[in-house]
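A.B. asks: Quick one: the structure is below, questions incoming.
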Amino acid sequence: MSLRVAVVGSGPAGIYTAEALTRQATGPVEVDVLERLPTPYGLVRYGVAPDHTSIKSIAGYLRRVLELPGVRFLGGIEFGRDVSRDDLLACYDAVVYCTGAMVDRRMGVPGEDLPGSVAATDFVNWYCGHPDVTADRFLLDSPEVAVIGVGNVAVDVVRILAKTAEELRATDVPEEVLSRLAASRVKAVHMIGRRGPEHAKFTLKELRELGELANADVRVRPEEAAASVEGLPRQVRGNVEVLQSWAARTPAGRPRRLDVRFWMRPVEILGRDRVEALKLERTRLADGRVVGTGEFEVLPVGMVLRSVGYRSVPLPGVPFSEATMTVPNEAGRAGDREYVAGWLKRGPSGVIGTNKSDAAETVRTLLADLSGRAPVRHADLDPLLARRGLLPVTYDGWRAIEAAEAALARSLGRGERVKLAGAAAMAAVLEGRGPREDKVPDGTGRPAGLEGAAGAEGLASR
Ligand SMILES: Cc1cc2nc3c(=O)[nH]c(=O)nc-3n(C[C@H](O)[C@H](O)[C@H](O)COP(=O)(O)OP(=O)(O)OC[C@H]3O[C@@H](n4cnc5c(N)ncnc54)[C@H](O)[C@@H]3O)c2cc1C
Ligand SMILES: NC(=O)c1ccc[n+]([C@@H]2O[C@H](COP(=O)([O-])OP(=O)(O)OC[C@H]3O[C@@H](n4cnc5c(N)ncnc54)[C@H](OP(=O)(O)O)[C@@H]3O)[C@@H](O)[C@H]2O)c1
């Protein structure tokens with residue numbers, strides 16, 4: 001009898017878990033990968049920046065895992081809404097939770113909820129065409145924008161704001177998003193670090209790209225970049241040296257400007273009905289902690305993008321630590337026959353490859369725990385889903401969406417693929433493939449065709 005495992009979430013952690021199960025198990029194994037969206041690959045599809053095509057190509061590797069014998073993709077099935085913990089424990093020998101960290105962290109400053117103050121998670125979802133965000137969500141109508149945080153996500157967001165639509169034409173950005181980027185009125189982007197350049201979280205390769213933007217001059221204030229490089233790790237030293245070289249640059253008069261700031265923290269987002277300005281306070285370190293100096297500066301921005309990190313959300317019935325915002329675990333074990341991998345296991349840090357060794361550790365724990373145990377499952381998932389009127393999006397269904405995206409790119413004369421914007425567009429492709437239930441699981445929980453128009457936020461107005 002095969003070992004049967006449910007993996008919840010089809011991001012890198014989920015798919016590397018499926019791969020590790022097929023590689024490490026000594027006997028036959030069946031893996032069902034459940035995913036709330038109709039599409040696999042998590043942040044590889046809906047996070048990695050569209051202009052980072054070589055990183056996105058990792059999807060080619062993840063695809064081969066979904067094509068392995070014994071591995072099934074079940075899209076449009078949301079844990080907590082469509083299936084419960086008890087359902088999965090009844091149908092599988094083990095469950096591995098890999099649902100990532102999809103929600104933004106808060107800054108805790110006044111004005112954070114004003115229209116125009118936007119989580120980077122939302123903005124990233126928008127330009128990546130995530131079905132949770134409609135393509136008309138943002139209208140970039142303010143000449144000045146602040147991006148809070150100096151991590152790699154902030155770098156991605158800044159780059160997308162600074163590039164021209166023409167530079168992004170060959171990417172998979174949805175056509176509707178591309179036209180909004182083309183109409184952008186943004187002239188200045190301020191990227192704000194609350195500590196020094198030696199403390200920034202971005203990596204050297206990603207930072208360097210900002211200095212090569214064809215459409216934007218990058219500016220750094222010499223006094224803010226004045227860190228000693230002695231004794232710094234190589235990567236950090238590289239960051240500081242690059243920033244110091246930019247501080248010595250003369251602007252070339254490009255249409256846009258990128259100001260990279262350090263030792264400034266946001267203290268208030270100002271505005272009556274929407275963001276009108278951002279109040280910053282100069283900082284210093286006291287006993288390793290960031291403290292304000294009482295020196296303030298106000299930036300006349302109409303949009304504040306908060307890129308201060310992600311956090312996981314609790315899954316119904318699954319243990320969760322509010323302190324670490326992760327599922328407490330020992331080498332991936334979260335309970336009896338329950339396991340965790342990826343960002344939900346260790347928090348929202350690390351690159352795609354980090355999840356491979358992380359998943360391998362979880363699978364080692366799982367297989368050691370279950371070796372020699374008699375199978376405990378007593379139900380099948382497929383009839384349970386059918387009874388609930390749920391028809392999962394299969395791997396072939398996903399491939400049909402991919403084919404439609406490639407066809408759209410060809411018809412628009414763009415690159416390899418153009419993302420379909422919105423769940424309804426994907427549901428339409430799936431429906432076109434043959435008779436389906438009226439309740440197409442499209443990742444929104446709504447019947448196909450009723451795509452939710454979430455309220456326009458930030459600079460957005462329709
Ligand atoms: C904006 C951004 C850009 C990034 N760019 C890069 C990069 O260029 N290079 C790099 O190496 N790393 C990058 N990373 C990091 C990398 O994406 C992560 O390390 C990795 O995606 C984490 O994998 P994961 O599987 O834990 O989570 P995710 O990739 O988030 O996957 C989680 C999956 O679970 C699904 N899910 C969530 N809840 C449920 C539920 N209740 N039921 C069913 N399914 C559910 C989600 O839809 C998603 O598909 C980036 C991260 C971000 C945020
Ligand atoms: N190309 C790539 O490889 C790539 C691309 C995107 C993401 N990723 C990875 O994905 C992970 C997540 O990236 P991320 O950028 O979201 O997170 P991150 O690397 O943790 O960076 C978060 C940034 O927000 C700042 N911050 C946090 N709270 C703040 C507050 N209250 N006020 C002001 N600033 C605040 C942090 O400053 P402090 O340091 O002072 O706390 C830090 O600069 C990282 O591991 C990243 O490398 C990789």
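A.B. asks: Within the group 97, 127, which residue is surrounded by 21 or more Cβ atoms within 10 Å (Cβ to Cβ), in contact (Cβ under 8 Å) with a residue 24 or more places away in the chain, within 15 Å of ligand 2 (Cβ to nearest atom) and not charged (D, E, K, R)?
C.D. replies: On the way: 97 fails: within 15 Å of ligand 2 (Cβ to nearest atom).
Of 97, 127, the one residue that is surrounded by 21 or more Cβ atoms within 10 Å (Cβ to Cβ), in contact (Cβ under 8 Å) with a residue 24 or more places away in the chain, within 15 Å of ligand 2 (Cβ to nearest atom) and not charged (D, E, K, R) is 127.
A.B. asks: Given the criterion touching a residue at least 60 places away in the same chain (Cβ under 8 Å), charged (D, E, K, R) and farther than 27 Å from residue 333 by Cβ, identify the matching residue among 51, 87. First the steps, then the outcome.
C.D. replies: On the way: 87 fails: farther than 27 Å from residue 333 by Cβ.
So the residue among 51, 87 that is touching a residue at least 60 places away in the same chain (Cβ under 8 Å), charged (D, E, K, R) and farther than 27 Å from residue 333 by Cβ is 51.
A.B. asks: Report the residue count in the range 165-178 for those that are crowded, with 21+ Cβ neighbours inside 10 Å and not in a helix (DSSP H, G or I).
C.D. replies: 4
A.B. asks: Now, a different point. Taking the stated definitions as given, is residue 274 without any contact (Cβ under 8 Å) to a residue 12 or more places away in the chain, more than 16 Å from ligand 2 (Cβ to nearest atom), open to solvent by 70 Å² or more (accessible area, probe 1.4 Å) and on the phi < 0 side of the Ramachandran plot?
C.D. replies: On the way: without any contact (Cβ under 8 Å) to a residue 12 or more places away in the chain: no; more than 16 Å from ligand 2 (Cβ to nearest atom): yes; open to solvent by 70 Å² or more (accessible area, probe 1.4 Å): yes; on the phi < 0 side of the Ramachandran plot: yes.
So residue 274 fails the test.
A.B. asks: Of all residues in the range 131-149 being in contact with a Leu (Cβ under 8 Å, 6 or more places away or on another chain), within 16 Å of ligand 1 (Cβ to nearest atom) and not β-branched (Val, Ile, Thr), which is farthest from residue 185 (Cα to Cα)?
C.D. replies: Out of the qualifying residues, it is 131.
A.B. asks: For the range 203-220, does any single residue satisfy the condition of being within 16 Å of ligand 1 (Cβ to nearest atom), over 21 Å from the mean Cα position of the chain (by Cα) and of a type outside the set (S, T, N, Q)? First the steps, then the outcome.
C.D. replies: First pass over the range 203-220, keeping only residues within 16 Å of ligand 1 (Cβ to nearest atom): 203-210.
Next, only the ones that are over 21 Å from the mean Cα position of the chain (by Cα) stay: 208.
Subsequent filtering for residues that are of a type outside the set (S, T, N, Q) retains 208.
The answer is yes, given that some residue of the range 203-220 is within 16 Å of ligand 1 (Cβ to nearest atom), over 21 Å from the mean Cα position of the chain (by Cα) and of a type outside the set (S, T, N, Q).
A.B. asks: How many residues are among the small types (Gly, Ala, Ser) and surrounded by 24 or more Cβ atoms within 10 Å (Cβ to Cβ) when one looks only at the range 131-164? Break it down stepwise before answering.
C.D. replies: Initially, the range 131-164 is screened for residues among the small types (Gly, Ala, Ser), giving 135, 142, 146, 149, 151, 154, 162.
Those still in the list that are surrounded by 24 or more Cβ atoms within 10 Å (Cβ to Cβ) too: 146, 149, 154, 162.
So the count comes out to 4.
A.B. asks: Here's another thing I want to ask about it. Take the range 366-394 and flag every residue that is part of a helix (DSSP H, G or I) and surrounded by 17 or more Cβ atoms within 10 Å (Cβ to Cβ). Please lay out each step first, then the result.
C.D. replies: Pass one, the range 366-394, residues part of a helix (DSSP H, G or I): 366-370, 381-387.
The answer is 366, 367, 370, 381, 385.
A.B. asks: Sticking with this one: For the range 267-318, enumerate the residues that are in contact with a Lys or Arg (Cβ under 7 Å, 6 or more places away or on another chain) and among the β-branched types (Val, Ile, Thr).
C.D. replies: 267, 283, 290, 291, 293, 298, 308, 318
A.B. asks: May I pose another question? Taking the range 333-350, which residues are within 22 Å of the chain's Cα centre (by Cα) and free of Cβ contacts under 8 Å to residues at least 60 places away in the same chain?
C.D. replies: Passing the criteria: 346, 349, 350.
A.B. asks: Here's a follow-up. Identify, from the list 294, 288, the residue that is loosely packed, with under 12 Cβ neighbours inside 10 Å, of a type in the set (Gly, Ala, Ser) and at pLDDT below 95.
C.D. replies: Every option except 288 fails the conditions.
A.B. asks: Considering the range 314-350 alone, what residues qualify as being open to solvent by 30 Å² or more (accessible area, probe 1.4 Å) and within 16 Å of ligand 2 (Cβ to nearest atom)? Give the steps one after another, and end with the answer.
C.D. replies: We begin by selecting, within the range 314-350, every residue open to solvent by 30 Å² or more (accessible area, probe 1.4 Å); these are 314, 316-317, 319-320, 322-325, 328-331, 333, 336-337, 343, 346, 348-350.
Within the range 314-350, 324, 325, 343, 346, 348, 349, 350 meet the criteria.
A.B. asks: Do you know which residues across the range 179-191 are open to solvent by 10 Å² or more (accessible area, probe 1.4 Å) and either of a type outside the set (Ser, Thr, Tyr) or assigned to a loop (DSSP other than H, G, I, E, B) (or both)? Explain how you work it out, then say what you get.
C.D. replies: So in the range 179-191, the residues open to solvent by 10 Å² or more (accessible area, probe 1.4 Å) come out as 179-185, 187.
Scanning the range 179-191 gives 180, 181, 182, 183, 184, 185, 187.
A.B. asks: Something else about it: Looking only at residues that are in contact (Cβ under 8 Å) with a residue 60 or more places away in the chain and more than 9 Å from ligand 1 (Cβ to nearest atom) in the range 55-74, which one is farthest from residue 397 (Cα to Cα)?
C.D. replies: Step by step, filter the range 55-74, then rank; the result is 70.
A.B. asks: Sticking with this structure for a sec: Which residues, counting only those in the range 196-221, are under 12 Å from residue 236 (Cβ atoms) and open to solvent by 10 Å² or more (accessible area, probe 1.4 Å)? Talk me through it step by step, then tell me what you get.
C.D. replies: In the first step, residues of the range 196-221 are kept if they are under 12 Å from residue 236 (Cβ atoms); the result is 196-204, 207.
198, 199, 200, 201, 203, 204 - these are the residues of the range 196-221 that are under 12 Å from residue 236 (Cβ atoms) and open to solvent by 10 Å² or more (accessible area, probe 1.4 Å).
A.B. asks: Which numbered condition in (1) within 27 Å of residue 181 (Cβ to Cβ); (2) not in a loop (DSSP other than H, G, I, E, B) is the only one that residue 15 fails?
C.D. replies: With (1) within 27 Å of residue 181 (Cβ to Cβ); (2) not in a loop (DSSP other than H, G, I, E, B) applied to residue 15, the lone miss is (1).
A.B. asks: Could you please let me know if residue 48 is within 16 Å of ligand 2 (Cβ to nearest atom) and among the hydrophobic types (A, V, I, L, M, F, W, C)?
C.D. replies: Details: within 16 Å of ligand 2 (Cβ to nearest atom): yes; among the hydrophobic types (A, V, I, L, M, F, W, C): yes.
So residue 48 passes the test.
A.B. asks: So which residues in the range 195-241 are within 27 Å of residue 293 (Cα to Cα), in contact (Cβ under 8 Å) with a residue 24 or more places away in the chain and among the basic types (Lys, Arg), if there are any at all?
C.D. replies: 195, 201, 219, 221 - these are the residues of the range 195-241 that are within 27 Å of residue 293 (Cα to Cα), in contact (Cβ under 8 Å) with a residue 24 or more places away in the chain and among the basic types (Lys, Arg).
The values are calculated or read from the model by the stated rules, or taken from the named source; none is laboratory data. None of these values were measured; they are calculated from a predicted model. Please note: Cβ atoms are built from the backbone with ideal geometry, for glycine as well, and neighbour counts cover all protein chains shown. Heavy atoms of the whole protein, side chains included, go into the accessibility calculation; ligands, DNA and RNA do not. Shrake-Rupley method; radii C 1.70, N 1.55, O 1.52, S 1.80 Å.
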